[in-house]
Structures are given as C-alpha cells and as structure tokens.
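FYI, it's all coordinate maths here, none of it is from the lab. Every value quoted in this text rests on a predicted model; they were computed, and no experiment measured them. Cβ sites come from the backbone with ideal geometry, for glycine too, and all protein chains shown count toward neighbours.
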Amino acid sequence: MDVQQLIKEQVTSNPVVLYMKGTPKAPMCGFSATVVQILQACNLPLFFSVNVLEDQAIRDGVKVFSNWPTVPQLYIRGEFVGGCDIMREMYQSGELQKLLEGIAVPD
C-alpha cells in the first residue's frame, strides 16, 4: 500500500484522525499540544492519532493528501478540517463541537 492509500484508509476508517508531532500524551510541538487540548475540551479524550515524526513518508504524504503545508492536521469523518489556527477558531465559535457531535468515544 502506498502512503496516499494508507492515509486515505486511516482517515476513512476512523471518525477522528489527528496527524501530529508526537502523541496525545506527549506532544512534540506547541501546535500539536494545543489541538490535543482542544479535542479534549470537546469531550473527545480518545481519537486516532498519527505521529508524523515516526515516518517521513507520512509526514510528507499527509501534506500532499490534504494540500495543506503544515502539521497538525485534523480529519473528521473522512474530511480535512484544518490545522491549529482553524481548529482554535472553530472551537471558539462552537463549530468544532457541532462537527464532533455523535462521535462515540472508543472503550
């Protein structure tokens, strides 16, 4: 499976996917830490995350997949939402919470 197919599989088979630097428990940059805090504030403590620092092909590939130059990147129900600034604005307006409504938290 090539990297674009892998990314497509990840974003379509998980309701929420975050491509980030580090992990939710140990973010490796301030932007990644912020987006994790935003998702947790939306009562979504668990979500599928991919540490782009572990795989250069994913790190480069996700930027091509979304046509977005930076990480972190959030996908909800297979759709690209945006990065840190967009998530922050959407959270402050309540739009992000609406997008996340009805998503079950995995056990």
* Asked: In segment 49-58, which residue that is out of contact with any Pro (no Cβ under 8 Å at 6 or more places or on another chain) and in contact (Cβ under 8 Å) with a residue 24 or more places away in the chain is nearest to Gly102 (Cα to Cα)?
  -> Val50
* To do: For Gln92, state whether it is without any contact (Cβ under 8 Å) to a residue 24 or more places away in the chain and either assigned to a strand (DSSP E or B) or among the polar types (S, T, N, Q) (or both).
  => yes
* Could you count how many residues in segment 6-24 are basic (Lys, Arg) and over 17 Å from Cys84 (Cα atoms)? -> 1
* Asked: Take the residues of segment 38-67 that are in contact with a strand residue (DSSP E or B) (Cβ under 9 Å, 6 or more places away or on another chain) and farther than 13 Å from Leu18 by Cβ: which is surrounded by the fewest Cβ atoms within 10 Å (Cβ to Cβ)?
  -> Asn67
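So that you can scan it fast, the table gives a plain yes or no per residue for (1) touching a helix residue (DSSP H, G or I) at 6+ places or on another chain (Cβ under 8 Å); (2) of a type in the set (S, T, N, Q):
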residue	(1), (2)
Cys42	yes, no
Phe47	yes, no
Val50	yes, no
Lys63	no, no
Thr70	yes, yes
Val81	yes, no
Tyr91	yes, no
Leu99	yes, no
* Within segment 95-107, considering residues that are in a loop (DSSP other than H, G, I, E, B) and not β-branched (Val, Ile, Thr), the one surrounded by the most Cβ atoms within 10 Å (Cβ to Cβ) -> Pro106
* State all residues of segment 55-83 that are over 12 Å from Ile7 (Cα atoms) and assigned to a helix (DSSP H, G or I); if no residue qualifies, say none. => Gln56
